[in-house]
Amino acid sequence: MSSVETIKAKLAGFSRSRSNALCLAAAVVIVPGLFGTVALPAYAYSPGDGSANSISGAAKASPSAEAAPAPQAVIVRADAAEPTIARDGFSASSAADMRAAAAAAAPAGYSGPTVSDYLANPPYPSFSLDQVVAVALQYQGVPYVYGGADPSGFDCSGFVMYVYAQFGISLPHGSGGQASVGTSIATSAALPGDVIIMDGHDGFYMGGGMILDAPQPGGVVSVRPLWTNDYYVVRFGI
């Protein structure tokens, strides 16, 4: 073999070796890349939202990627019945109704004489203010009951009416009515047993700035200091 042919043979072998080396290098780079791509998580473009950056699968399951929930809506059927809303009906009770209700709620057990019984047969036919005081003091401790007019419970004018009935003196049930049938006297001339009249209230004058009365709900018949000078005095039996 000539020297020229020898050189050509060496060049051909070198070229084949270089080609083989290049192929091997390409294989080393490309094949692992293909395996790495296959191993990546399945992130995919979601065609429904028009965004090339949208993701699905594992990334979309991340709490930070969740969308805020839509506000709830209340749906009412067209044929649903409307609730009926109406103002409760109230009416003012008359004084007679309130007295009847109070009498019904009064403590049970009293079966003694009533105002009518005493007027028909008064135990003290001879009127005396001292005797009025003595009789009235017997009822200390009786509870206040609105509309009450016997020892199961008194209101202010019911107490006065009940005591004076025992002397045969008929009085209306109500401080205003009692004032209208009494004889007004000067406060300086008032004696124990006379009746003190106030706005909506009355009781027995006891002297020394004191009154005996059925005071108010929760109270009882008792002697207590007068709390006002705004009153006048009437006397019955004259």
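A short reminder: the numbers here are calculations on the coordinates, not readings from a lab. Given the structure is predicted, the values throughout are model-derived calculations rather than measurements. Here the Cβ is made from the backbone with ideal geometry for all residues, glycine too, and neighbour counts use every protein chain on show.
Extension gain for the segment ASP230 to LEU137, taken as residue separation times 0.36 nm less the Cα-Cα distance, is 31.1 nm to one decimal. Rounded to the nearest 0.05, the FRET efficiency derived from the C-beta distance between VAL223 and SER170 at R0 = 30 Å is 0.70. Projected label points at SER180 and THR114, each 7 Å from Cα along the beta carbon direction, are separated by 2.3 nanometres.
Among MET198, MET206, the order by Cβ neighbours within 10 angstrom, fewest to most, reads MET198, MET206. A simple spin-label model places pseudo-atoms 7 Å from Cα toward Cβ; at SER128 and SER188 they are separated by 2.9 nm.
Which loop chymotrypsin sites (Phe, Trp or Tyr not before Pro) in segment 130-238, with loop taken from DSSP, have no more than 11 other Cβ atoms within 10 angstrom of their Cβ? Answer by residue number: TRP227.
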